[in-house]
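Peer 1: Handing you a structure now.
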Amino acid sequence: MKYELSGRLVVGIASSALFDLTDCDAVFREQGEAAYRAHQEVHVKDVLDKGVAFPFVRRLLSLNDLADPSDPLVEVIVLSRNDPDTGLRVMRSIEAHGLPISRAVFRQGRSSHRFMPALNMSLFLSANGADVRDAVADGMPAGHVLDTARVDDEADPELRIAFDFDGVLAGDASERIFQNAGIDEFRAHEVRNASTPHVPGPLSGFLAGINHVQRREEDRRLKDPGYQPRLRVSLVTARDAPAHERAVRSLKQWGLRVDDAFFLGGVDKAPVIGALDPHIFFDDQVAHLNGTAPATPSVHIPFGVVNEPS
């Protein structure tokens, strides 16, 4: 029977984001593809260590307990540059870690982002920056997972997700005004257009899928008052008043919502993100992520004017 992905939250994940492939990558870079293939074959039974996005993926998939097992809310699909043979170690590691991931795309030496629409994906995560940039250039919602020193607290039942606004949830039209004309013109423009919603950005579809899961949690809480929602979404943006209003109105007009909003007006995001302690944070500016990544799983969305070649 045909399995439909429409109506589900589908995330694509590269093995480089899900697992720690530091040693494997070193073999590939220093000794070449043949040695890499031999290395993976020799170590096929050795379970790969957890990578930066592993805690996010594990928690996201755990939310499928809100639905019938035959009709999950969330799907995670591996998109890999490995060939099927060397991909065996990835799939065995997934099974060893107990992740309910059964679908994968292996394309030897080639990127897989062109298959995202066919698989209804609203997000692709990879530790390969070049792959991510290519995907974003082709209009796909993709993010580059950065290294972190954070040690996950596996006893923490929540999944906390934080988003920047411009260039992530929204397009970059207003960011272009800020870059070209400065903060005063940016604020004036946002006040003039407060009732006009922004064009949705690359991760707006992903947030829509997250909101769908949150509605399932609300339904569960209505039936079981003792149920504690596990999914929490925060907006953390450099906007401040009066430019905050257009962001809030845009989310509402798109039919999207967040639980928390931080309008920081240029205040360093890193301490705020550190206190918020999300399991993943999405931002389009490397300057912000350089501060957050050491302690927080952080994802660069290489979209918009701030990521164009100078």
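Peer 1: Please find, within the stretch 272-310, the residue that is nearest to Leu169 (Cα to Cα) out of those that are charged (D, E, K, R) and open to solvent by 40 Å² or more (accessible area, probe 1.4 Å).
Peer 2: Only one residue fits best here, namely Glu308.
Peer 1: Tell me which residues, restricted to the stretch 36-70, are in contact with a helix residue (DSSP H, G or I) (Cβ under 9 Å, 6 or more places away or on another chain), under 29 Å from Gln228 (Cβ atoms) and not in a helix (DSSP H, G or I).
Peer 2: Lys50, Gly51, Val52, Ala53, Ala67
Peer 1: Select the helices (runs of 4 or more DSSP H) contained entirely in the stretch 203-310, then report the ones holding at least 3 residues which are among the acidic types (Asp, Glu) and at pLDDT 95 or above.
Peer 2: 204-223
Peer 1: So, one more: Gly129 - would you say it is touching a His at 6+ places or on another chain (Cβ under 7 Å), crowded, with 21+ Cβ neighbours inside 10 Å and of a type outside the set (Phe, Trp, Tyr)?
Peer 2: No; evaluated as a whole, the condition is false for this residue.
Peer 1: So, one more: Which residues, taken from the stretch 151-173, are surrounded by fewer than 24 Cβ atoms within 10 Å (Cβ to Cβ) and not aliphatic (A, V, I, L, M)?
Peer 2: Within the stretch 151-173, Asp152, Asp153, Glu154, Asp156, Pro157, Glu158, Arg160, Gly171, Asp172 meet the criteria.
The values are calculated or read from the model by the stated rules, or taken from the named source; none is laboratory data. Here the structure is a predicted model, which is why all the values come from computation and not from measurement. As a convention, Cβ positions derive from the backbone with ideal geometry for all residues, glycine included, and neighbour counts pool all protein chains shown. Side chains are part of the model used for accessible areas, which takes the heavy atoms of the whole protein and leaves out ligands, DNA and RNA. Shrake-Rupley method; radii C 1.70, N 1.55, O 1.52, S 1.80 Å.
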